[in-house]
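The values are calculated or read from the model by the stated rules, or taken from the named source; none is laboratory data. This one's a predicted model, so the numbers in the text were calculated from it and none came from an experiment. As a convention, Cβ positions derive from the backbone with ideal geometry for all residues, glycine included, and neighbour counts pool all protein chains shown. Protein only, heavy atoms only, side chains kept; ligands, DNA and RNA dropped before computing areas. Shrake-Rupley method; radii C 1.70, N 1.55, O 1.52, S 1.80 Å.
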Amino acid sequence: MNKILKLVLLVLLFQSSYSVADRFKVVFLNPGFPTENTTGSFWTNVTQFMDAAAEDLDIELVTVYAYRNHILMKSLIEEIAAEKPKYVVLVNEKGIALSIIKQLARYDIASFMLLNSLNEKDFVLLSAKEKRLLKGSVTPNNYNAGKKLLNGLVTLYKSHKNKADKKQLIKILALQGDYTTPASLARELGFNDALKANQNLLAVDSTVSNWSKQQSYEKVTGILQHTRIDIIWAANDAMAFGAKKAVLATKMSQPIYIGGINWDIDDINYPVDLSFGGHVALGAKSLVMLKDIDNNSLVNDNRHQVVDIFESSLSTYYHDFTQRLSLKQLGHYDFSRFSLSSAEPLVFSIDNLAKVFTPPTGE
């Protein structure tokens, strides 16, 4: 009996040591704010998804915020290095990632790109060591998001117009995020290609509002004073909410169809007509990939992934997805099911996220 007990204790000790050895630390350099602000709640929500995934994957996660200040972001490297992480998850906000990857490489700290990755021009500027320490990336298909949003808004506009109205030129206002962030540029390209492919569309203006609800409100207020607008396309929901606020304030007689990207929880005061989102969950996907990279189960060819994850707010998934986020129920997702170490690994998608959610008791 004593021999059996000793054997069991040895097995348990081995398993415990193995678990501790497998556990590693990740620092997420979040470019946004820890709470909702004028640029919306997107980056706060990214952290929520990552916290829930880290729990399932037995990863120690530390989040450091840059408050949408790319200069501050560069100054945080010493603080991050002091945490002694194995990996740092970076976002290429305003093209700052190249510099940060190089700084982290001096400490022999590996990087992983989330949502906005390096472009080819910057990648070739990495040394062999820096390229080796860039372990992977996961980005959404932002081009498709920009394209889908304009096509969806045009469909909504046409469905509510009579035949006579449909012959008129449809006037579009585009609100871009910024001048350099890859997501903004890709969404703008998708918008432009959808614009060219649609008949009877006219872009009356395309202006940068720096992802900000307030800047969007001010710009749209000015534009509406001298131009008729039928559709407002916004590169994120915060700018869409600002546009809606401006439209309501001007008390326009004709409806203006407004859409954004992010699936931010609706601003009940300024509801918009359409949003494409779901990519907020890709922070969780980044940790799944790092877990698989760390145990060498994710092959090199699959370490840089572009995921076409965007769904419409008119889809059947939108309500449950955003409600679970607002109620802080992300811990009820089982993110380990997406790891290659799972018995039957699932593809990371909005529909599969619904499948791995276990409702809280009593719901």
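Annotations for the structure displayed:
- Helical runs assigned H by DSSP (4 residues or longer) give the chain a calculated mean residue ellipticity at 222 nm of -13500 deg cm²/dmol, each run adding -39500 (n - 2.57) before division by the residue total.
- Accessible area (Å², 1.4 Å probe, nearest 10) - V204: 50
- Using 0.36 nm per residue and subtracting the Cα-Cα separation, the extra length available between H319 and E78 on full extension is 82.7 nm.
- On the beta carbon distance between T207 and V124, with R0 = 41 Å, the FRET formula returns roughly 0.80.
- Computed over the range 233-327, Cα set: Rg, Dmax in Å: 17.5, 60
- Of the beta bridges in the range 207-363, as assigned by DSSP with both residues counted there, near 30 percent are antiparallel.
- DSSP assigns beta bridges within the chain; of those with both partners inside it, close to 10 percent run antiparallel.
- Protein heavy-atom surface of the range 211-363, 1.4 angstrom probe: 49% of the accessible area is carbon and sulfur, with nucleic acids and ligands not counted.
- Set of lysines near K135 by C-alpha distance (under 24 Å), chain-local residues within fewer than 8 positions excluded: K25, K74, K84, K86, K94, K102, K121, K285, K291
- Of all the options D58, D294, D320, the one that moves most in a Gaussian network model of the chain with Cα springs shorter than 10 angstrom is D320.
- Here is what passes the span test in the chain: the DSSP H helices with alpha carbon length of 15 Å or more along the helix axis and a Kyte-Doolittle mean of 0.5 or above are 2-22, 237-250, 282-294.
- Bridging of K355 to aspartates and glutamates at a Cα separation below 20 Å is possible for D51, E55, D56, D308, E311, D320, D334, E344, E363, once same-chain residues fewer than 8 apart are set aside.
- Label-to-label distance, T35 versus N296, with points set 7 angstrom from Cα along the beta-carbon direction: 4.7 nm.
- Considering only alpha-carbon pairs that sit under 8 angstrom and 6 or more positions apart, the relative contact order computed for the range 160-306 is 20 percent.
- Ordering of 249-255, 170-176 by packing [mean C-beta count within 10 Å, highest first]: 170-176, 249-255
- Accessible area of S349 (1.4 Å probe, protein heavy atoms only, ligands and nucleic acids ignored): about 20 Å².
- Straight Cα distances below 16 angstrom link K251 to the aspartates and glutamates E218, D230, with same-chain residues fewer than 8 positions distant left out.
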